[in-house]
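Written out below as structure tokens is the structure these notes cover.
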Amino acid sequence: MVPERWDLEYDVVVAGYGYAGGMAAITAHDAGARVAIFEKMAHFGGNSMLSGGSCAVGTEYEPTLAYLERTCADATDREVLETFARGMVEFPGTLARLAGEVGFETVVSRRGATYPFPGADQMFAVRVTRNETYKGFPWAKGIKAGGTLFWVLAEQVNRRPQIEVCCNAPVRDLVTDGNGAVVGLVVEIEGQRLNVLARRAVVLCTGGFEHNQRLRSHYLQIQRTVAMSPLGHTGDGILMAQKAGAALWHMWHLHGGYGFQVPDLPIAIRHSFEGYREENRRMPWIAVDRFGRRFMDEYPPAPQDTGIRALEYYDPDIQDYPRIPCYLVFDEEGRRLGPIAHPKINDDRYSLEWSEDNLAEVERGYITRADTLEELSEGLGIPGETLLETVERWNANCRLGRDRDYRRPVGTMVPVKTPPFYCIAAWPVITNTQGGPVHNARQQVLDPYGQPILRLYKAGEMGSLFGHLYLLAGNLTECFVGGEIAGRNAAAERPWC
Ligand SMILES: Cc1cc2nc3c(=O)[nH]c(=O)nc-3n(C[C@H](O)[C@H](O)[C@H](O)COP(=O)(O)OP(=O)(O)OC[C@H]3O[C@@H](n4cnc5c(N)ncnc54)[C@H](O)[C@@H]3O)c2cc1C
């Protein structure tokens with residue numbers, strides 16, 4: 001219902017300040033709109049700031065579209081893919097401009113694509129390089145290239161002082177008129193609910209629902225997940241869009257792998273073999289289920305997509321998930337190969353350092369140590385005989401130079417033979433959920449009959465176009481390309497008052 005009085009008035013109102021929200025705001029501003037961004041958390045950056053900063057792009061339209069069609073496998077409307085394919089080809093230029101204007105440069109960070117599908121050889125990835133003007137964000141820990149990319153975006157927002165950025169300002173509801181058009185929203189600031197007029201449109205960019213247990217249990221096949229994203233990711237935008245009449249898509253789909261949860265940290269930590277698979281990087285552990293059996297290639301081609309899938313298995317004989325948690329087992333030499341985890345935290349209330357040799361984590365009790373494998377298995381309640389057989393076969397695979405069971409690349413294989421032995425429980429870690437409101441090629445949110453909900457746009461991972469495979473580095477490009485389209489179209493709406 002339209003309120004009698006508006007507390008704040010803008011043309012375009014953006015909810016959420018990650019890459020998608022920032023880009024939508026910049027574009028709407030440059031198109032002449034008066035813009036505000038409301039961010040729920042004390043600090044902006046969302047998942048975006050934690051990212052690897054790598055953006056997947058294509059050299060030419062046709063192969064890029066072919067690759068997208070195969071990776072999206074009929075889960076996304078063709079018009080949306082066509083628009084995104086064009087965006088992926090144009091994006092290197094856009095990023096170079098955004099970075100160049102604030103004194104940064106871009107580089108090609110990878111040639112080719114993750115999956116062996118048509119068009120893969122025409123794909124590549126770009127990122128922003130760091131320079132001495134980058135100062136980092138004091139509230140975020142463990143961030144890498146995503147921090148640099150966010151610096152560029154934040155500088156671009158800061159160069160436009162007319163964009164009002166308000167943190168600690170969760171958007172609570174959308175305001176619709178009698179025709180169902182979105183004409184404003186309700187934001188909570190310092191405990192007060194304020195009615196905010198959006199003369200032209202609202203753009204929702206609130207990320208995923210990783211920390212909403214109810215949505216996770218309603219929509220995800222895999223259960224007992226933990227999440228590494230900031231705690232504000234509770235699917236608010238998805239729920240608000242649903243209330244306004246939105247259809248949902250890709251709700252089952254996850255970007256994630258496996259990793260750890262430790263006491264007193266409500267944010268999960270993924271293991272340190274992240275991003276693209278490096279086929280000659282030695283991974284110290286094997287993963288075993290609760291029966292002591294190996295069940296997967298521990299370092300699959302897209303560690304942050306397929307990495308989570310093997311844990312999903314539901315065993316009908318025991319009516320339970322025998323791989324949740326699973327256990328990573330390694331030996332003394334493996335322990336010395338480097339930190340097994342990299343905490344990444346975008347929240348000034350929490351921090352955690354992981355030691356280079358994993359010893360502090362043994363002392364803290366995160367990692368169990370035992371002199372023999374039998375002792376290790378006893379402590380964990382894993383059948384010792386099976387664990388011994390598993391480790392023997394693994395060590396034989398290492399001697400052979402071939403993983404006969406799960407095709408793990410030979411360069412990553414490390415035997416488990418030198419005592420003491422170590423083990424840590426690993427859980428399915430959600431990096432971000434991909435599902436949310438369906439959108440069209442103009443980034444308008446659609447109702448269940450494919451009709452746009454008037455004056456409501458969205459961008460980023462709150463309803464990603466990816467609904468089959470996680471296109472490694474595709475999310476960031478989607479945030480920028482989708483944010484730009486949403487911001488432009490939102491600003492072009494005729495003011496309703
Ligand atoms: C460690 C890591 C590495 C990654 N590496 C890559 C990579 O290299 N390439 C790639 O493509 N992808 C990568 N990703 C994924 C990528 O970071 C995300 O998919 C993307 O950044 C999501 O951006 P977004 O703008 O949609 O959401 P976010 O950046 O998460 O921003 C959403 C914002 O909305 C806010 N919000 C939520 N609810 C409300 C509300 N009610 N009101 C107001 N604000 C609200 C949140 O607090 C948050 O700040 C990575 C992710 C992680 C965690």
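The values are calculated or read from the model by the stated rules, or taken from the named source; none is laboratory data. What you are looking at is a predicted structure, and each value in this text was computed from that prediction instead of being measured. With ideal geometry, Cβ positions are generated from the backbone for all residues, glycine too; neighbour counts draw on all protein chains shown.
In region 363-382, the count of residues that are among the charged types (D, E, K, R), touching a Gly at 6+ places or on another chain (Cβ under 9 Å) and closer than 30 Å to PRO138 by Cα is zero. When each of ARG349, ARG336 is tested for being free of Cβ contacts under 8 Å to residues at least 60 places away in the same chain and either within 16 Å of the ligand (Cβ to nearest atom) or not assigned by TED's automatic domain parsing to the domain that holds GLU392 (or both), the lone residue that passes is ARG349. Within region 52-72, residues that are closer than 14 Å to ARG127 by Cα sit with their Cβ atoms under 8 Å from residues that are buried (at least 20 other Cβ atoms within 10 Å of the Cβ) and charged (D, E, K, R), at 6+ positions apart or across chains, in these pairs: GLY52/ARG127; GLY53/ARG127; SER54/ARG127; CYS55/ARG127. Here HIS218 meets each of (1) in a helix (DSSP H, G or I); (2) of a type outside the set (S, T, N, Q); (3) away from the ligand (no atom under 11 Å from the Cβ); (4) under 24 Å from ARG455 (Cβ atoms) with one exception, condition (4). When we screen HIS255, HIS233, HIS211 for residues that are part of a loop (DSSP other than H, G, I, E, B) and either within 9 Å of the ligand (Cβ to nearest atom) or among the acidic types (Asp, Glu) (or both), the only hit is HIS233. Within 15 Å of GLN261 (Cα to Cα) and either touching a residue at least 24 places away in the same chain (Cβ under 8 Å) or part of a strand (DSSP E or B) (or both): does that describe LEU328? Taking the combined requirement at face value, the residue satisfies it. Among the numbered conditions (1) more than 9 Å from the ligand (Cβ to nearest atom); (2) touching a strand residue (DSSP E or B) at 6+ places or on another chain (Cβ under 6 Å), the only one that PRO138 does not meet is (2).
Every residue, every condition in (1) buried (at least 24 other Cβ atoms within 10 Å of the Cβ); (2) acidic (Asp, Glu), yes or no:
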residue: VAL202; (1), (2): yes, no
residue: GLY208; (1), (2): yes, no
residue: HIS211; (1), (2): no, no
residue: ILE238; (1), (2): yes, no
residue: LEU265; (1), (2): no, no
residue: GLU278; (1), (2): no, yes
residue: MET283; (1), (2): yes, no
residue: ILE286; (1), (2): yes, no
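Among the residues of region 288-299, those identified as at negative phi and either buried (at least 20 other Cβ atoms within 10 Å of the Cβ) or among the charged types (D, E, K, R) (or both) are VAL288, ASP289, ARG290, ARG293, ARG294, MET296, ASP297, GLU298, TYR299. Of the set (1) more than 14 Å from the ligand (Cβ to nearest atom); (2) touching a Phe, Trp or Tyr at 6+ places or on another chain (Cβ under 9 Å), all apply to GLY450 but (2).
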